[in-house]
Amino acid sequence: MKCIIVDDEPLAREGVDMLCKLLPYLEILGSFDNAVETLEFVKSNEVDLIFLDIELPGLSGLDFLRSTKSNAYVILTTAYPQYALEAYALDVIDYLVKPIKNDRFIQAVSKAKEIYDLKKSAVYHLEPKLDDHIFIRSDRKYVKLNYVDIIFIQGLKDYVMIHTPEKKYLTALNIKTILSKLPDTQFIRTSKSHVVNIEKINEINAESVFIDKHEIPLGNSYKADFKNRVIGTKLLDRK
């Protein structure tokens with residue numbers, strides 16, 4: 001995977017560079033101390049993965065994400081944990097808080113590598129929805145996915161990752177399109193880049209939805225509809 005490092009602190013760039021060299025499948029194309037130069041670089045170079053700081057001079061890392069049309073996966077590296085929810089709404093792969101530990105770095109890159117490999121190995125698309133399932137075409141085969149087996153769906157720019165108990169499926173669709181193929185009585189959007197199976201939800205708090213081991217962000221603009229449709233009259237409370 002071809003990657004770049006964006007951080008205004010030389011020591012931080014050097015640290016990420018050293019971590020990258022732990023993983024032989026990472027190829028470092030360059031390092032940048034600002035987002036403006038990075039924007040120009042990704043316009044004319046093929047980049048698979050960006051290690052991006054948030055607090056940058058001129059243009060912040062989050063503003064960079066809003067501005068770029070690059071399909072590169074992004075892992076944020078920052079000293080500020082408070083931007084996590086906003087960052088995940090911009091489809092980042094992971095959010096690493098400095099100082100970055102080796103195991104967390106490898107975990108984050110492994111997540112990006114898994115999606116990268118899936119994208120390269122197969123292209124999926126959905127057949128029209130039926131009563132209780134959809135079909136995904138993969139490697140000249142049709143794979144049946146029952147609605148009941150879909151845990152949640154994660155948006156990744158022009159792709160979505162469908163999570164089931166047994167496997168993850170990458171398909172070349174956006175969140176809006178795949179949501180239109182699913183029954184709205186069973187699936188609901190929780191953020192710009194997440195759709196969950198309502199029947200799978202275990203817990204909910206002000207910022208997240210929990211399904212088994214998965215914590216899925218609940219965006220502010222989706223909270224009212226989510227609360228009305230998911231909790232609604234089912235909430236038992238003291239009058």
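The values are calculated or read from the model by the stated rules, or taken from the named source; none is laboratory data. Everything numeric here is computed off the predicted structure, so don't read it as measured data. Here the Cβ is made from the backbone with ideal geometry for all residues, glycine too, and neighbour counts use every protein chain on show. Heavy atoms of the whole protein, side chains included, go into the accessibility calculation; ligands, DNA and RNA do not. Shrake-Rupley method; radii C 1.70, N 1.55, O 1.52, S 1.80 Å.
Overview of results
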{"item": "Förster-model FRET efficiency, 45 Å R0, residue 148 and residue 17, C-beta, rounded to 0.05", "result": "0.50"}
{"item": "Potential lengthening between residue 43 and residue 157 on full extension [0.36 nm per residue; Cα-Cα distance subtracted]", "result": "39.4 nm"}
{"item": "Percent of Cα-Cα distances greater than 12 Å, calculated over segment 57-96", "result": "57"}
{"item": "For segment 141-220, alpha-carbon Rg and Dmax in angstrom", "result": "11.9, 41"}
{"item": "Ellipsoid equivalent to the chain - semi-axes via the Cα gyration tensor, in Å", "result": "33, 22, 15"}
{"item": "Cross-link table 101/223; 101/167; 119/181; 176/200, entries beyond 24 Å C-alpha to C-alpha", "result": "101/223; 101/167"}
{"item": "Percent of Cα-Cα distances greater than 19 Å, calculated over segment 1-140", "result": "52"}
{"item": "Share of carbon and sulfur in the accessible heavy-atom surface of the chain [1.4 Å probe, %]", "result": "49"}
{"item": "Total charge dipole magnitude, the chain, about the Cα centre, Cβ charges on Lys, Arg, Asp, Glu only, Debye to nearest 20", "result": "1020"}
{"item": "Förster radius 25 Å - calculated FRET efficiency between residue 79 and residue 110, Cβ distance, rounded to 0.05", "result": "0.60"}
{"item": "Under 11 Å, Cβ to Cβ, from residue 219 - net charge with Lys/Arg +1 and Asp/Glu -1", "result": "0"}
{"item": "Environment charge at residue 103 (Cβ cut-off 14 Å; Lys +1, Arg +1, Asp -1, Glu -1)", "result": "+2"}
{"item": "Cα-projected label distance for residue 117 with residue 208, points at 7 Å along beta-carbon direction, nm", "result": "2.6"}
{"item": "Probe 1.4 Å, protein heavy atoms only - accessible area per residue of the chain in square angstrom", "result": "55"}
{"item": "Distance in nm between pseudo-label sites at residue 97 and residue 29 (7 Å out along the Cβ direction from Cα)", "result": "3.1"}
